[in-house]
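Quick notes on the structure that follows.
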Amino acid sequence: MLSVHTSPLHQPGTGDAGGMNVYIVELAKRLAVLGIEVEGWWSAQACVTPWVKTHSWAGHYDLVHSHYWLSGHVGRLAAERWGVPLVHAMHTMAKVKNAGLADGDTPEPAARVLGETQVVRAADRLTANTGKEAEDLLRHYDADPGRVAVVHPGVDLERFRSDARGVEAGRAVARSRPGLPQDALIPLFVGRIQPLKAPDVLLRAVARLLAERPRLRERIVVPVVGGPSGSGLAEPEGLQKLAARLGIGDVVLFRPPVGQDRLADWYRAASVLVMPSHSESFGLVAVEAQACGTPVIAAQVGGLPVAVRDGVSGVLVPGHDPADYARALYGFADTPARSARMGEAAIRHARSFGWASAADVYTAALLRRGSGSGVLHEGRLR
Ligand code: UDP
């Protein structure tokens, strides 16, 4: 596995560390269970490329799996030198990102588009998180449909789970420890603070809600968990200023990124997770929250319509108008029991994701190259 852009060992939820880091760790864990030995190379591209060039690793690896286009470049080189197949996961695509830019976001450069196009051509298999991502690969990058495989990412269900006594009881426990009010409406935001994730839309929606229902102010808490990433208006300080300007500074709780065990407590404590993202290749936090029994209000973009079952495990909102998010929030404010009801369905939905077909992609890539029979044999791919 190659990840030269960011290390899976970094704390996700801030800077360049996000879902991809978690994805790589979870995928490696699943493959290990299947008896596939995974070695990871995480470093800056400038360090890894000479390492690939100067060391003879031929015969050591059966296959290279690169993540994100920067690793794809190293992956191309490594796969060619070592005579093994290349499997590549884009995670995000410049052309898709540029089509859904938020105000304050900088467009991805042409060099990235070119680099991605080269990696798409070189890869024996491309893994896509959803059918939509597979379509984007064909439409925007002219990928060979025979080489694209959809692999839904899974989340750690041991860590992200509801309380054994039920969703409602679990919520009460999760709220008691940090001293959150038991009867409060708690819409939670989790993720890297950047314009693309649109935490500002949540704040504007809350301001609208409170303008129309002033008494709700007594029983609403809006936690925003995550750290700065990139630049733009949605940086934490910018968000804090926005909250103050909107007159809701007293109900928003800004929290730095936390480890996933603590994050699971935040999910369990929340009434609903809100993801108004402008673009999202999958949205792991949506599945993590649902696995904890918390429904999700999400923008109808990217992989979110797959991650969230509209009307069942959450609510999908077309566009980014705060008024629409405020309306979706009313539903949870007016009928608190809805949170627990949808939460039960959310658990079932989250459990439907997993890495079931991940190893099949490797088998197919090996077969394409004619590198042996491509089946699992004594713990190694042959
Ligand atoms: N995350 C975390 N701690 C935080 C905030 C986020 O560990 O305080 C993790 C979260 O559990 C999830 C990942 O960061 O697995 C974010 O992934 P997602 O796909 O939602 O978004 P991305 O960062 O890839 O855009």
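The values are calculated or read from the model by the stated rules, or taken from the named source; none is laboratory data. Note that the coordinates shown come from a computational prediction; the quantities given were computed from them, not determined experimentally. We place every Cβ from the backbone using ideal geometry, glycine too, and count neighbours over all the protein chains shown. Quick note on the areas: whole protein, heavy atoms, side chains included, nothing else; ligands and nucleic acids left out. Shrake-Rupley method; radii C 1.70, N 1.55, O 1.52, S 1.80 Å.
Specify the longest stretch of the chain that does not include any exposed loop site, a site being one of the GluC sites (Glu not before Pro) with a non-H, G, I, E, B DSSP assignment and at most 15 other Cβ atoms within 10 Å.
Between exposed loop sites, the widest span is 159-377.
Separation between the Arg213 and Val258 pseudo-spin-labels, each 7 Å from Cα along Cα→Cβ, expressed in nm?
2.5 nm
Given the convex hull over the Cα atoms of the stretch 106-259, what projected area results after averaging over all orientations, in nm²?
For the Cα atoms of the stretch 106-259, the hull's average projected area reads 12.7 nm².
Determine the dipole magnitude for the chain: charges of +1 sit on the beta-carbon of Lys and Arg, -1 on that of Asp and Glu, nothing else is charged, the reference point is the Cα centre, and the result goes in debye to the nearest 20.
Using only the charged Cβ atoms, the result is roughly 380 debye.
Taking H placed 1.01 Å from N in the peptide plane, check which residues at least 5 places from Val296 or on another chain put their amide H under 5 Å from its amide H.
Correct list: Leu273, Gly314, Val315.
If amide H atoms are built 1.01 Å from N in the plane of the peptide, which residues on other chains or at least 5 residues away come under 5 Å of the amide H of Thr14?
Answer set, sorted by chain and number: Gly227.
So what is the relative contact order of the stretch 154-234, in percent, for Cα pairs below 8 Å that sit 6 or more residues apart?
37 percent
Report the local net charge at Leu86: Lys and Arg +1, Asp and Glu -1, summed over other residues whose C-beta lies under 13 Å from its C-beta.
+4
How large a share of the accessible area of the chain, in percent, is made up of carbon and sulfur atoms when the probe is 1.4 Å and the other protein chains stay in place?
Looking at the chain in its full context, I get 52 percent from C and S.
For the stretch 40-170, calculate the relative contact order in percent as a whole number, restricting contacts to Cα pairs under 8 Å that are 6 or more residues apart.
19 percent
Compute the angle between helix 236-245 and the longest alpha-carbon principal axis of the chain, please, reported from 0 to 90 degrees and rounded to the nearest 10.
The two axes meet at around 20 degrees.
How do Lys132, Lys97 stack up against each other in accessible area, from largest to smallest, with a 1.4 angstrom probe?
Largest accessible area first, the list is Lys132, Lys97.
Restricting to the chain, what percent of DSSP beta bridges are antiparallel, rounded to 5?
Of those bridges, close to 10 percent are antiparallel.
Expressed as a rounded percentage, what relative contact order does the stretch 217-355 have, with Cα pairs under 8 Å and six or more residues apart?
Reported relative contact order: 20 percent.
Before I look further, what does the chain give for accessible area per residue, probe 1.4 Å, in whole square angstrom?
So the chain comes to 42 Å² accessible per residue, rounded to a whole number.
Between 0 and 90 degrees, rounded to the nearest ten: what's the tilt of helix 131-141 against the longest Cα principal axis of the chain?
With rounding to tens, the tilt is 60 degrees.
For the chain, just run the numbers: alpha carbon Rg, then divide by 2.2 N^0.38 Å, N being how many residues it has.
1.02
Estimate the FRET efficiency between Arg165 and Arg139 by the formula 1/(1 + (r/R0)^6), using the beta-carbon distance for r and 35 Å for R0, to the nearest 0.05.
The pair Arg165/Arg139 has a calculated efficiency of 0.15.
Heads up, I need the accessible area for His88: 1.4 angstrom probe, whole protein in place, Å², nearest 10.
0 Å²
Relative to the longest principal Cα axis of the chain, at what angle does helix 45-54 sit, 0 to 90 degrees, rounded to 10?
In the chain, helix 45-54 runs at an angle near 20 degrees to the longest axis.
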